Amino acid sequence: MEKHLHIISFDVPYPVDHGGYFDLFYKLVALHQQGIRIHLHCFEHKRPQQAELEQYCVEVLYYPRQCGHKGFSHKLPYIVASRTNATLEERLLKDSHPILLEGVHCTFLLHDERFNNRKMIIRLHNVEYKYYKQLFRNSRSLFHKMYYLNESRLLKRYEGTIANKGLILAVNDQDTNTYRKEFGAKQVATLPVFLPFSQISAPEGVGCFCLYHGNLSVNENEEAAIWLIKKVFNDLRIPLVVAGKAPSPRLQRIANKYGNICVVADPSEQEMQDMIGKAQINIIPSFNVTGVKLKLLNALFNGRHCLVNEATVQSTGLESACHIGTNATAFKSQIVQLNRQPFAEEEIRLRKSLLLSTFDNKRNAQRLIQWIF
């Protein structure tokens, strides 16, 4: 008997051009390989429609996101209120298939009585109120600070209202425990993120440079890059490459002041993976302790040494595979030490034991199917 599943995605999940889309897209692939008939519903804003998605789905449908003033609500967080759509609701009511809601963003259906008896699964990407609180702390713009703080306040109240309206699947144990303890969630479990990597491809030996990579249009990532430039590499002679999507003129101006630092803007996926593999040290500081750092997993599967701070690896179980620095001075010391230290076979063995059993797409898709059906 065929198994049909509606998936509501907060954005168009292809191309997979930064970390937030890994779990979205590769979950589709894994479920398709297990024979699930996927009906994908995407909210569309700046990312165009993608024929690639039709390979894995029975149908792919798109809905405009209500951006700007149309998406604001005094009661609902903007990320939720801007993703409501009557056409989508009517389509979903034509059958009784279970519904997977990708992110808190897509959970507006949970407050609609017409769906009270429907099987609902919420894929939690972050504890969103905590994520927005950290965006508030890291933002330099007064307008953005006000928005992030208000959104965090609305999200904390909202996340409490959805905690027992369906099965919640978090990306790590820390977020699972937050929903269980803070919001009283009774049906909550951890399901690791879905990845394109199935083996450790980290090369042995010595690489050419240090690398920080990420979506540089995200304020948190830009601030992490600027911190590395100003506080860590400011008096080192070791080269640093900062690579990622849409670096700002501000970031480029700051980097241009230093002869050992260059910015690579908008590399292709292949170019980015090439840089991760060629780097001697993948450096991944974070100012955010929620969710999972996809850039860290990418570096552990495909790169040599990984240097992180405590926030990057907190509650991940990956601490033993990383070098951890607590401040700029510690980062400098670790970089000097690791710069000529060959990456060796025993480190690859450690990563295999830590990563391959946890991030197994086939096994995790089968677990997800058991929960849903």
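The values are calculated or read from the model by the stated rules, or taken from the named source; none is laboratory data. Keep in mind that what you see is a predicted model, and the values were worked out from it rather than measured. All Cβ positions, glycine included, derive from the backbone under ideal geometry; neighbour counts span all protein chains shown. Quick note on the areas: whole protein, heavy atoms, side chains included, nothing else; ligands and nucleic acids left out. Shrake-Rupley method; radii C 1.70, N 1.55, O 1.52, S 1.80 Å.
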Fill in the blank from the handout: Taking Cα atoms, the helix 128-138 axis meets the longest principal axis of the chain at an angle in degrees (rounded to 10) of 40 degrees
Problem - Dipole axis of the range 168-321 (+1 Lys, Arg; -1 Asp, Glu on Cβ), positive-most option in Val218, Ser201, Val188 - result: Val218
Handout entry: Solvent-accessible heavy-atom area per residue, rounded to whole Å², over the range 52-201 at 1.4 Å
Key = 48 Å²
Exercise for the section: Would you mind checking the tilt of helix 22-33 against the longest principal axis of the Cα atoms of the chain, expressed as 0 to 90 degrees and rounded to 10? Expected result: 60 degrees
Handout entry: Which label in [x] 22.2; [y] 23.2; [z] 21.6 gives the computed Kirkwood radius over Cα pairs in Å
Key = [z]
Exercise for the section: Just list whichever of Lys3/Lys245; Lys230/Lys293; Lys46/Lys295; Lys130/Lys186 have alpha carbons separated by over 32 Å in the model shown. Expected result: Lys3/Lys245
Completion exercise
Taking r as the C-beta separation of Cys208 and Gln314 and R0 as 22 Å, the FRET efficiency to the nearest 0.05 is 0.15
Handout entry: Accessible area (Å², 1.4 Å probe, nearest 10) - Asp274
Key = 70 Å²
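Let me know the charge dipole size of the chain about its Cα centre in debye, to the nearest 20, where only the beta-carbon of Lys, Arg (+1) and Asp, Glu (-1) is charged. Write out the running numbers ahead of the final one.
Values: 46 positive and 35 negative charges, 192 e Å.
I would put it at about 920 debye.
Show that you can apply the helix-only estimate: for the chain, add -39,500 (n - 2.57) for every DSSP H stretch of four or more residues, divide by all residues, and state [θ] at 222 nm to the nearest 500. The partial results should precede the final answer.
Values: 14 runs with 139 residues, N = 373.
About -11000 deg cm²/dmol.
So how do Cys208, Cys262 rank on accessible area, 1.4 Å probe, biggest first, that is with the largest at the start?
Numbers: Cys208 100, Cys262 60 Å².
Greatest to least solvent exposure: Cys208, Cys262.
For the range 1-49, report the accessible area per residue in Å² (1.4 Å probe, heavy atoms, rounded to an integer). Could you put the intermediate results ahead of the total?
On the way: 1980 Å² over 49 residues.
It amounts to 41 Å² per residue over the range 1-49.
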Exercise for the section: Keeping all protein chains in position, work out how much accessible area Arg91 exposes to a 1.4 Å probe, and write it in Å² to the nearest 10. Expected result: 90 Å²
Handout entry: Three-way shape call for the range 160-234 based on the alpha-carbon gyration tensor, with the a/c threshold at 1.5
Key = oblate
Problem - Radius 11 Å from Cβ of Ser96, net charge of other residues (Lys, Arg +1; Asp, Glu -1) - result: +2
Fill in the blank from the handout: The extension gain from Gln337 to Ala189, computed as 0.36 nm times the residue separation minus the Cα-Cα distance, is 49.3 nm
Problem - Between helix 328-338 and the chain: long-axis angle, C-alpha atoms, 0 to 90°, nearest 10 - result: 70 degrees
Practice task
Over every pair of different alpha-carbon atoms in the range 1-114, take the mean of 1/r and invert it; report that Kirkwood radius in Å.
Solution key: 14.6 Å
Completion exercise
Diffing the range 148-163: the Karplus 3J(HN,Hα) column from phi (6.51, -1.76, 1.60, θ = phi - 60°), in whole Hz with x for Gly and Pro, holds 5, 5, 5, 5, 4, 4, 5, 5, 4, 5, 5, 4, x, 6, 9, 4
Problem - Protein accessible area in the range 208-294, 1.4 Å probe - carbon and sulfur % - result: 51 percent
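For the range 308-373, compute the orientation-averaged projected area of the C-alpha convex hull (one quarter of its surface), in nm².
On the way: hull surface 23.7 nm².
Average projection, Cα convex hull of the range 308-373: 5.9 nm².
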Completion exercise
If every Lys and Arg gets +1 and every Asp and Glu gets -1 at its Cβ, then about the Cα centre the range 1-154 yields a dipole, in debye to the nearest 20, of 700 debye
Exercise for the section: Just check the range 79-233 against the gyration tensor rule for me: Cα atoms, a ≥ b ≥ c as the square roots of the eigenvalues, rounded for a/c under 1.5, and otherwise prolate or oblate depending on whether a/b exceeds b/c. Expected result: prolate
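Per the Kirkwood definition applied to all pairs of different Cα atoms, how many angstroms is the hydrodynamic radius of the range 91-152? Mind dumping the intermediate values first?
Numbers: mean 1/r = 0.0735 Å⁻¹.
The Cα-based Kirkwood calculation yields 13.6 Å.
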Handout entry: Sites matching trypsin sites (Lys or Arg not before Pro) across the range 148-202 that sit in DSSP coil, with at most 12 neighbouring C-beta atoms within 10 Å
Key = Lys186
